[in-house]
Amino acid sequence: MQVIIRSDEETACDLAASIIDGRVRGHLDSVLGLATGCTMETLYDNLARRHERDGLDFSLIRTYNLDEYIGIPPDHPGSYRHYMNEHLFNKVNIDLRNTHLPLGMAEDLAKECEMYEKSINVNGGIDLQLLGIGESGHIGFNEPLSALKSRTRDKALTPTTIEQNKHLFDPPESMPKRAITMGVGTILEAKRILLLVTGSKKAEILAKAVEGPVTSMVSASALQLHERCTVIVDEAAAANLSCKEYYNWIFETEPEWEEYR
Ligand code: GLP
């Protein structure tokens with residue numbers, strides 16, 4: 001795991017966007033794993049600008065999102081399909097047929113989950129997986145006690161998550177209480193992982209995920225097991241980290257990061 005601390009949200013998102021930009025330009029047919037949430041909005045704006053301004057080309061890119069709510073259709077304003085279309089897909093030249101999210105309205109949820117995993121594998125696996133973190137420590141919707149080897153499945157959401165996300169639904173009480181999510185095991189199979197975390201509300205859970213023990217109580221801590229996981233945070237989210245100087249020193253001195261400094 002490598003932690004990179006940027007001064008604010010804008011520069012943290014710009015660094016994450018630069019890394020995605022580098023991957024897309026280097027491999028035009030990359031498979032990207034995508035995330036939702038407020039944190040990603042600044043990042044997706046940044047990618048849309050790079051498309052517009054610098055011709056960043058998404059025409060052959062394939063994407064798999066982490067999760068989708070159960071029981072609402074793709075065109076529901078609270079669905080993650082709607083979020084992705086609004087914040088990224090409709091702003092770049094991606095072929096919507098190459099974008100994938102689990103279908104929350106599927107009649108046979110177990111089958112839908114199995115097919116989602118198969119589809120990722122048929123496309124060669126995920127090259128770069130983008131992640132945020134929930135206040136419950138979740139990645140995707142892997143709530144506390146999700147098995148570290150879990151696969152894509154139907155998951156009940158915790159009260160913390162419902163509290164965090166219900167403002168996106170009208171009325172808030174209509175927020176679905178279950179979702180389909182890639183499992184922790186599915187996520188860990190991505191070749192590279194980028195965890196993007198901003199804002200002081202995430203400082204406590206981020207420190208647990210990065211510097212605490214690996215535990216299914218904090219699903220994001222499982223990222224410590226991944227051999228190529230980069231954690232990009234702003235100063236506010238980094239507030240509770242104990243080894244900040246060490247992380248900064250690595251970023252300033254490692255040749256790998258030269259082009260991003
Ligand atoms: C949702 C998503 C997560 C995301 C989290 C963070 O719960 N399922 O993948 O990491 O939101 O959201 P925000 O960025 O709004 O804090």
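Each reported figure results from applying straightforward, stated rules to the coordinates on display, with no laboratory input. Since this is a predicted model, take the numbers as computed values, not measurements. Here the Cβ is made from the backbone with ideal geometry for all residues, glycine too, and neighbour counts use every protein chain on show.
Quick look at the numbers
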item	result
Relative contact order (percent, whole number), region 8-151, Cα cutoff 8 Å, 6+ residue spacing	28 percent
Lys/Arg +1, Asp/Glu -1 at C-beta; the chain dipole; positive extreme among P102, A239, Y260	P102
Under 5 Å, built H, 5+ apart or other chain: amide partners of I232	I4, L195, L196, V197
Highest-first arrangement of 35-43, 119-127, 225-233, 242-250, where packing means the average Cβ count within 10 Å	35-43, 225-233, 119-127, 242-250
Approximate spin-label separation I162-E252, in nm, with each point projected 7 Å along Cα-to-Cβ	4.8 nm
Charge dipole of region 2-260 about the Cα centre (unit charges at C-beta), most positive-ward option of L225, H82, I180	I180
MRE, 222 nm, helices only [DSSP H, n ≥ 4, -39500 (n - 2.57), over the chain, to nearest 500]	-10000 deg cm²/dmol
Stokes-Einstein D in µm²/s, Kirkwood radius over Cα pairs - the chain at 25 °C with 0.890 mPa s viscosity	133 µm²/s
Linear extension gain, L96 paired with K111, 0.36 nm per residue minus alpha-carbon span	3.2 nm
Nearest-20 debye value, region 1-132 charge dipole, Cβ charges on Lys, Arg, Asp, Glu	320 debye
Zero-based 10 Å bins, Cα pair distances in region 25-108, whole percents	18, 51, 26, 6, 0
Antiparallel DSSP beta bridges within region 2-260, as percent of all bridges there, nearest 5	25 percent
Centre separation in Å (Cα based) which lies between region 25-92 and region 184-235	21 Å
Over region 1-44, volume per residue of the alpha carbon convex hull, in Å³	94 Å³
Sparse-neighbourhood loop sites, GluC sites (Glu not before Pro) in region 50-154 - DSSP loop, at most 11 other Cβ within 10 angstrom	E107
Cα lying deepest toward the dipole's positive end in the chain, options A35, L131, V214, charges on Cβ	V214
Cα centre as origin, Lys/Arg/Asp/Glu Cβ charges: the chain dipole, Debye	580 debye
